[in-house]
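Worksheet: one structure, shown below.
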Amino acid sequence: MRFVKIRTEPDWERPMALRDRLNYLRMEEDEILRLMDTVEGLLALASKGNYAVRSKAVSDLHSLEHFLGGILEHCRPEERILESTYHRFLQPHERKRIQAEHEQIVRLVTSFRDELKFATSDRTESVVEIGKNLNDRVRQHIALEQVLLNRIERLSALPESVIVRLAKPSGGPDETEPPPNSRGGDEVITD
């Protein structure tokens, strides 16, 4: 048996709610990028030769522990209604990619936090290496999400029947692979 959601709000409210979710996700990504800027600067200082500078950088990295939780929150979509935006508008292979990248980032944050526990001004190499990997991965992931959010915003203006057709699996043998870029059928819109 298939259940159909009955829309109780006027149609003009749906795009506004979606716009709010997209704006929230963009603000969240901006905050994470600012955090990554701070982490990047502190990692550069932690790799310097000066003991006092390294000591201050390690101390400041420890003070960011709480903010790293924001990255973990971003990467736990099953607990967030905001991620339903992705489920509604993206192809299955795109959703799987987002999920895989979130899992990778969670592992990197965990490794960074674990290494940070033992980092001292005399022992910074490992935390710097993991931190740089985390920084690169988060920036790449957010760049992808920004492209997808821009596409979702454009798709949201289309009629419902078109959105459903575009969100259907491509029907290929492996839905984790992107469909070929073609001019016909269910073309994937990219920036």
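Of note:
- Condition check for K168: modelled with pLDDT of 85 or more and more than 11 Å from the chain's Cα centre (by Cα): no
- Condition met for T120 (modelled with pLDDT under 85 and either among the hydroxyl-bearing types (S, T, Y) or within 30 Å of L45 (Cβ to Cβ) (or both)): no
- The listed residue being basic (K, R), closer than 18 Å to M27 by Cβ and either at pLDDT 80 or above or crowded, with 16+ Cβ neighbours inside 10 Å (or both), out of R154, R139: R139
- Filter pass, F89 being modelled with pLDDT of 95 or more and either over 23 Å from D30 (Cβ atoms) or surrounded by 15 or more Cβ atoms within 10 Å (Cβ to Cβ) (or both): no
The values are calculated or read from the model by the stated rules, or taken from the named source; none is laboratory data. These numbers come from a predicted model, not from an experiment. All Cβ positions, glycine included, derive from the backbone under ideal geometry; neighbour counts span all protein chains shown.
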